[in-house]
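Worksheet: one structure, shown below.
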Amino acid sequence: MSAPRVLVLVLNYNAGLALDPCLRSLRAATYENAEVVVLDNGSTDESLNAARALGLEVHEFGSNLGYCAAYNRAFEMYANRADFFLLSNADLIVPPPTIDQLIQILVADESIGFVGPVQRHEDTKEIRSAGIRWRCGRLPVHVTRPGEPYDAIEGAFVLIRKSVLTRTGGLDETLALNLEDVEWQTRARSQGFLSRIAAQAEIFHRRPGRVRRHTGAYYQARNICILTSRLCDHAALVQIRVRLYLEGLAGLVLGRPRARYVLEGLRDFRRGVTGMRSFS
């Protein structure tokens, strides 16, 4: 039996110098039946030069579609070239055996739809995420001790069985980015697909810059309200909205820049704003 075809989809948006070591680490993978494609969300820097210098296939969308829409387009374009899709951020370092270790788990059990490694911070090597735990009325938290319970795998680097797409559909583009992993895996679980962390596998993740942290606060605030309104009771929605509102007000008093983004996320949830948005 031939090894499953793995298509690694690296989503790039102005990754700068981080993209080159990411791509080089992926090319050094011990798993032989993997192909790397770089998806570009309208980058304005010179990061794509790294992909072209390595001779990798690049697909440019021409604008920033967001995480969900970009990957959904790629799933359609490359459906005939993969048995499994591996979604990867552009700011990671992937040790050579990692893809092999993920494949072994997915091949061994057809009920597993998603598998990911333990994620570590590149600078300190401390665990960043060994899964995501979420309960109604609360913000999601990263599990930092392998073996503790989790509900989903963080979407920065996740291997996906293609049949997940045919049975559950793709990513939810109303979310654009942030918590799309929790939503998708919750939806897939209702169709019988499990999510698993490969405890022996790991990747190393660069810390996000200040701008990404601030806009991430917007999407987290808005999207957790969207998810809570869909999956939880009204009391849980009130609880999370009050918590975020108090966080935003306290942040304004203390002069924290992210506070504005938290409050904008709450406002846009009330107004029914979804998908990607721009910030001035």
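The values are calculated or read from the model by the stated rules, or taken from the named source; none is laboratory data. For clarity, every value in this text was computed on a predicted model and none was experimentally measured. As a convention, Cβ positions derive from the backbone with ideal geometry for all residues, glycine included, and neighbour counts pool all protein chains shown.
General observations
- When Asp181, Asp233 are checked against the criterion of being more than 21 Å from Phe75 (Cα to Cα) and charged (D, E, K, R), a single residue qualifies: Asp233.
- Here Ala198 fulfils each of the conditions (1) crowded, with 20+ Cβ neighbours inside 10 Å; (2) assigned to a loop (DSSP other than H, G, I, E, B); (3) more than 16 Å from the chain's Cα centre (by Cα) apart from (2).
- Scanning segment 35-48 for residues that are loosely packed, with under 15 Cβ neighbours inside 10 Å and within 10 Å of Leu17 (Cα to Cα) yields Asp45, Glu46.
- A Cβ distance below 9 Å, combined with a sequence gap of six or more or placement on separate chains, defines the contacts here; from segment 166-187, residues that are closer than 21 Å to Arg213 by Cα and not assigned by TED's automatic domain parsing to the domain that holds Gln220 reach residues that are in a loop (DSSP other than H, G, I, E, B) and of a type in the set (Phe, Trp, Tyr) in the pairs Leu179/Trp134; Val182/Trp134.
- Listed conditions (1) more than 30 Å from Ile240 (Cα to Cα); (2) more than 20 Å from the chain's Cα centre (by Cα) are all met by Glu122, apart from (2).
- Flag if Ile99 is buried (at least 17 other Cβ atoms within 10 Å of the Cβ), among the hydrophobic types (A, V, I, L, M, F, W, C), in the same structural domain as Trp184 (by TED's automatic domain parsing) and within 22 Å of Arg27 (Cα to Cα): yes
- Boolean, Asp123 is surrounded by 15 or more Cβ atoms within 10 Å (Cβ to Cβ) and more than 17 Å from Glu180 (Cα to Cα): no
- All conditions in (1) buried (at least 21 other Cβ atoms within 10 Å of the Cβ); (2) outside any loop (DSSP other than H, G, I, E, B); (3) touching a Phe, Trp or Tyr at 6+ places or on another chain (Cβ under 8 Å) hold for Leu177, with the sole exception of (2).
- Qualifying residue in segment 57-70 (condition: surrounded by fewer than 19 Cβ atoms within 10 Å (Cβ to Cβ), of a type in the set (Val, Ile, Thr) and assigned by TED's automatic domain parsing to the domain that holds Leu92): yes
- Enumeration of residues in segment 165-182 that are of a type in the set (D, E, K, R), under 11 Å from the mean Cα position of the chain (by Cα) and under 21 Å from Gly272 (Cβ atoms): Glu180
- When Gly192, Gly147, Gly155 are checked against the criterion of being within 13 Å of the chain's Cα centre (by Cα), assigned to a loop (DSSP other than H, G, I, E, B) and not basic (Lys, Arg), Gly155 stands alone in meeting it.
- Among residues of segment 53-70 that are under 20 Å from Thr274 (Cα atoms), those with a Cβ under 6 angstrom from a residue that is in a loop (DSSP other than H, G, I, E, B) and small (Gly, Ala, Ser), sequence gap 6+ or separate chain, pair up as Ser63/Gly42; Asn64/Gly42; Gly66/Ala176; Cys68/Ala176.
- Positions within segment 218-241 being closer than 16 Å to Arg133 by Cβ and either aliphatic (A, V, I, L, M) or touching a Cys at 6+ places or on another chain (Cβ under 8 Å) (or both), in sequence order: Ile224, Leu227, Thr228, Leu231, Cys232, Ala236, Ile240
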